[in-house]
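Worksheet for the structure shown next.
The values are calculated or read from the model by the stated rules, or taken from the named source; none is laboratory data. Treat the numbers as computed from the prediction; the structure is a model and nothing was measured. For neighbour counting, all protein chains shown are included, and Cβ atoms are generated from backbone atoms with ideal geometry for every residue, glycine included.
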Amino acid sequence: MKAMLWISSLAAVVALGFVLTSPPAEAHHSSTPFYDDTQDVEVIGTVSRFNFRNPHSFIYIEAENEDGQMVEWEVELGAAVSMSRSGWTRETIQTGDPIRAVGNPSRAAGTFGMCCARLTQPDGSEIQLVRFESDEVPLQLVAFVASLAGGS
């Protein structure tokens with residue numbers, strides 16, 4: 001009986017050791033079934049919506065298609081938690097902002113979707129991750145100073 005208890009305890013310790021020392025597993029799906037990673041499409045337009053959320057954020061861009069008609073592109077981005085580690089906030093992109101997106105088009109015929117996009121200003125310059133007030137004080141700094149002063 002003691003031998004069985006000793007073997008069970010040893011097995012539990014070994015199993016716990018594997019759990020504690022194994023690398024973390026990341027669960028994520030491939031975008032390949034939904035988007036064509038062998039092609040790129042470019043869209044220059046105006047932001048109509050920006051949904052900064054998990055598990056995926058989305059930017060919606062109003063732009064002209066090949067026929068000159070206005071269409072809304074849906075650009076799938078990463079998770080808000082990952083984007084925030086790079087400096088993104090809900091205020092990084094605003095409705096009405098001009099934007100350029102280059103990425104993999106949707107495989108669904110007749111749709112205007114894109115993934116894995118590089119986002120820039122229409123002229124190719126980088127998007128500012130901190131928006132400035134008219135007096136050039138960063139919004140993040142304004143929020144920090146207001147919280148120190150007891151503001152909301």
*Which of the residues that make up the stretch 105-124 are in a strand (DSSP E or B), within 21 Å of E66 (Cβ to Cβ) and of a type in the set (S, T, N, Q)?*
S106
_Out of S22, S48, I need the residue that is at pLDDT 90 or above, on the phi < 0 side of the Ramachandran plot and polar (S, T, N, Q). Which one?_
S48
_Number of the exception - P55 against (1) under 19 Å from the mean Cα position of the chain (by Cα); (2) assigned to a loop (DSSP other than H, G, I, E, B); (3) at pLDDT 70 or above; (4) within 17 Å of R118 (Cβ to Cβ)_ = (4)
*Which of the residues spanning the stretch 58-77 are assigned to a loop (DSSP other than H, G, I, E, B) and closer than 11 Å to A101 by Cβ?*
L77
